[in-house]
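Written below as structure tokens is the structure these notes are about.
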Amino acid sequence: MRNALGLDRPPHVRYFEWLGGVFQGDLGRSWITNRPVSATILERLPRTIELCLAGFLFSVAIGLPLGIVAALKRKTKTDYTAMGIALFGVSIPNFWLGIMLIFIFGVWLGWGPATGGYGGPEYLILPALVLGTALSGTTSRLTRSAMLDVLSQDYIRAARAKGLRERTVVYTHALKNAAIPIATLLFMRLPWIFGGAIVIEMVFDWPGMGLAMINAIHTSDFLVIQGIALMFVVLVIIANMLADISYAYLNPRIRYGMRR
Amino acid sequence: MSVVEKGRKVGLSISGYFRKLARSPAWTYLKRDERAWIGFALVILVVGTAIFADFIAPYGINDRLIEEAPFARPPGGAFILGTDSQGRDVFSRVIQGTRIALEIGLLLVALEAVIGVPLGLMAGYYGGKVDELVMRAVDVALSFPGLVLAAAFIGFFGSGLNNLIIALSLTGWAAFARITRAQALTIKEQPYVESARAIGEKDRTIISKYILPNGISPLIVIATMTLPAAILLASALNFMGLGVQEPTPAWGAMLTGARSEVLDGIWWTALFPGVAIIITVLGFNFLGDALRDALDPRLREYKYV
């Protein structure tokens with residue numbers, strides 16, 4: 001038994017054995033189920049990504065309009081209300097919001113699957129919405145400040161001066177230029193959604209990597225924890241690369257190789 | 001009292017900072033800000049609750065008050081927020097939970113500051129290789145989702161209050177390091193630092209007596225803004241069973257069981273701990289935002305980037 005699990009060899013030897021395996025796509029096997037960790041990850045990774053992308057879309061769908069409206073109506077009731085909502089959004093624990101929504105929609109109104117789980121869109125909508133609200137607070141705040149920056153620029157005054165309609169000024173001139181910092185900041189924030197996803201997966205019993213990780217932690221299934229943590233690191237690196245690429249792509253003034 | 005009056009140095013002491021603050025435009029600004037007052041009121045409420053928890057809570061946190069099923073009784077009668085599935089008073093547990101939430105939050109922010117501030121001071125003051133090294137580490141820590149790293153850390157080293165705080169500080173220190181570095185970079189160019197160097201002060205003295213006290217405004221803001229985030233993150237870990245364990249009445253931990261109880265229509269064990277978290281977090285967020293706008297509006301960008 002000790003030999004099969006490798007417990008008779010010192011930790012550093014086992015670490016390099018594990019690392020050698022990683023490069024060959026072998027993350028070891030679960031001590032509890034004896035299932036290869038890579039199989040668990042491959043099965044659950046798409047579900048976690050599905051949840052994160054849906055949550056990301058929700059956060060943009062809620063946060064972007066809120067931020068734009070707040071910037072346009074700067075220092076009015078609308079602005080304060082929008083920013084109040086945003087502050088409320090970042091102050092609500094998203095797992096609690098999830099539980100409350102389960103109670104309201106699943107139990108009380110009986111509209112959807114109360115127990116959570118994985119399946120069609122009716123299983124996805126609530127967790128994605130909850131994941132999205134947590135992020136939409138920050139999204140709307142950074143949209144607002146990016147828009148305010150752009151709206152104070154000379155070319156906006158020039159566009160207004162030449163008599164363009166306010167709508168044209170806002171949508172084609174201001175928004176296009178604000179898109180650069182907004183997109184970059186959104187992608188930089190993307191990794192944070194993985195942290196939220198772990199909690200949300202637990203609330204909604206969504207069988208993704210996060211739930212697998214929590215279960216592994218509770219059963220001390222180290223190779224599973226290790227494998228999933230590694231996968232999250234890879235996801236974070238990919239998200240950061242996306243941020244860099246979007247930055248260079250959206251902003252022709254900055255190209256890598258020309259800097260420094 | 002500025003240290004000049006002691007006839008020795010041109011720096012500024014920390015208590016002098018607050019005295020100066022009371023006469024500054026920032027204070028006038030803060031007094032007129034509604035968010036500051038709302039935030040302040042909520043924070044007083046929360047801190048007061050934590051201090052007087054033993055007097056406010058009508059029952060003990062682990063008293064089983066209901067003898068026969070169903071143990072979970074809805075709000076009303078002797079139990080204003082109802083009882084949980086073990087027949088314990090929800091109100092008493094929520095009240096006592098305030099203490100735990102603040103304890104975790106304050107310890108975490110203190111640890112993050114203790115790690116981040118010295119690193120930021122060194123990076124900003126010495127520059128060069130030290131700066132490069134610290135800032136790379138800051139970049140990594142800032143780009144990595146704290147909850148994922150904390151969960152992995154707890155997975156290997158076990159749960160509990162201490163590990164919870166250490167796990168969350170692994171990424172949290174970076175915000176402090178970054179702000180402190182930015183402060184040190186500007187302050188070290190000031191004439192009074194130059195004169196301190198001219199009279200032969202040691203680097204260590206310059207950093208602790210001149211740079212740190214003069215750059216403390218943004219640190220106070222960052223600490224106030226980090227606290228609610230810390231409380232939220234900690235409650236999420238408690239909820240997942242990775243932090244403080246039952247029967248300790250941590251708000252997050254109380255919600256773990258509530259998740260399945262709502263399916264039976266027991267909503268009160270879920271609702272009230274969450275409301276307590278929101279009041280606390282909202283209070284510190286309001287106060288933090290108002291402090292930031294009054295003391296150092298430039299910090300806006302740090303919260304969003």
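The values are calculated or read from the model by the stated rules, or taken from the named source; none is laboratory data. The model shown is predicted, which means the values in this text are computed figures rather than measured ones. For neighbour counting, all protein chains shown are included, and Cβ atoms are generated from backbone atoms with ideal geometry for every residue, glycine included. The area values use the complete protein model at the heavy-atom level, side chains included, leaving out ligands, DNA and RNA. Shrake-Rupley method; radii C 1.70, N 1.55, O 1.52, S 1.80 Å.
Heavy-atom accessible surface of chain A, averaged per residue, reaches 51 Å², computed with a 1.4 Å probe.
Which of rounded, prolate or oblate describes the protein assembly as shown when judged by the alpha-carbon gyration tensor and an a/c cut-off of 1.5?
Details: a/c = 1.32, a/b = 1.26, b/c = 1.05.
Note, shape of the protein assembly as shown comes out rounded.
For region B:73-78, 3J(HN,Hα) computed residue by residue from phi via the Karplus equation (6.51, -1.76, 1.60; θ = phi - 60°) reads 9, x, x, x, x, 6 Hz, glycine and proline entered as x. Solvent-accessible surface (1.4 Å probe) assigned to residue B:35 amounts to roughly 70 Å².
The accessible surface of region A:45-224, taken with every protein chain in place and a 1.4 Å probe, is 66 percent carbon and sulfur. Helix A:222-250 and the longest principal axis of the Cα set of chain A meet at an angle near 20°.
Note on region B:226-283 and region B:199-217: Cα centroid distance 42 Å, given to the nearest whole angstrom.
Given Cβ point charges of +1 (Lys, Arg) and -1 (Asp, Glu) and nothing else, what value in debye, to the nearest 20, does the dipole of region A:45-224 about its Cα centre take?
Working: 14 positive and 9 negative charges, 251 e Å.
Here region A:45-224 has a charge dipole of around 1200 debye.
With every protein chain present, what accessible area does residue B:186 have (1.4 Å probe, heavy atoms only), rounded to the nearest 10 Å²? The accessible area comes out at roughly 70 Å².
According to the Cα-based calculation, Rg over Rh for region A:37-173 is 1.13, with Rh computed by the Kirkwood formula.
Please give me the summed charge of the neighbours of residue B:267: other residues whose Cβ is under 14 Å from its Cβ, Lys and Arg +1, Asp and Glu -1.
Numbers: positive: B:73, B:259; negative: B:84, B:261, B:264.
Spelling it out: positives minus negatives among the neighbours equals -1.
Under the classification rounded if a/c is under 1.5, otherwise prolate if a/b is larger than b/c and oblate if not, where does chain A fall, given a ≥ b ≥ c as square roots of the Cα gyration tensor eigenvalues?
On the way: a/c = 3.36, a/b = 1.66, b/c = 2.02.
The shape class here is oblate.
Largest to smallest in accessible area, the residues A:233, A:199 fall in the order A:233, A:199 (1.4 Å probe, all protein chains included). Projecting the Cα atoms of A:177, A:46, A:248 onto the charge dipole of chain A (Cβ charges, centred on the Cα centre) puts A:177 farthest toward the positive pole.
Excluding residue A:98 itself, calculate the net charge of residues whose Cβ lies under 13 Å from the Cβ of residue A:98, where each Lys or Arg counts +1 and each Asp or Glu counts -1. Intermediate values should be presented prior to the final figure.
Values: positive: B:259; negative: A:201, A:205.
Summing Lys/Arg as +1 and Asp/Glu as -1 gives -1.
Surface calculation, 1.4 Å probe, protein heavy atoms: residue A:173 sits at approximately 50 Å² accessible. Annotation: amide H of residue B:83 within the under-5 Å range of B:73, B:90, sequence separation 5 or more or interchain, hydrogens built in the peptide plane.
Among B:43, B:285, B:200, which residue has its Cα positioned farthest towards the positive end of the charge dipole of chain B, with +1 placed on the Cβ of Lys and Arg, -1 on the Cβ of Asp and Glu, and the dipole taken about the Cα centre? Farthest towards the positive end: B:200.
Between the listed residues A:151, A:123, A:138, the Cα displaced farthest toward the positive end of the dipole of region A:99-170, a dipole computed from Cβ unit charges relative to the Cα centre, is found at A:151. Residues in region B:36-52 carry Karplus couplings, in order, of 4, 5, 4, x, 4, 4, 5, 5, 4, 4, 5, 5, x, 4, 5, 5, 9 Hz; the curve used is 6.51 cos²θ - 1.76 cosθ + 1.60 with θ = phi - 60°, and Gly or Pro positions show x.
Net charge within 15 Å of residue B:59 by Cβ-Cβ distance, Lys/Arg positive one each and Asp/Glu negative one each, not counting residue B:59 itself? Here the count lands on -1. If you run the Gaussian network model on chain A, springs between alpha carbon atoms under 10 Å, then out of A:121, A:65, A:113 the most flexible one is A:121. Spatially close Lys pairs in the protein assembly as shown, defined by Cα atoms under 16 Å apart and a spacing of eight or more places or different chains, total 7.
What's the magnitude of the charge dipole for chain B around its Cα centre, counting Lys and Arg as +1 and Asp and Glu as -1 at the beta-carbon? Answer in Debye, nearest 20.
1360 debye
Taking a ≥ b ≥ c as the square roots of the Cα gyration tensor eigenvalues, with a/c under 1.5 meaning rounded and otherwise prolate when a/b beats b/c, else oblate, which class fits region B:83-226? Please list the in-between numbers first.
Working: a/c = 3.56, a/b = 2.08, b/c = 1.71.
Prolate is the answer for region B:83-226, as a/c is 1.5 or above and a/b outweighs b/c.
Considering only A:144, A:157, A:47, the mean-square fluctuation computed in a Gaussian network model of chain A, springs between alpha carbons under 10 angstrom, is largest for A:157. When the residues B:34, A:122 are ordered by accessible surface, computed with a 1.4 Å probe over the protein chains alone, the sequence from largest down reads B:34, A:122.
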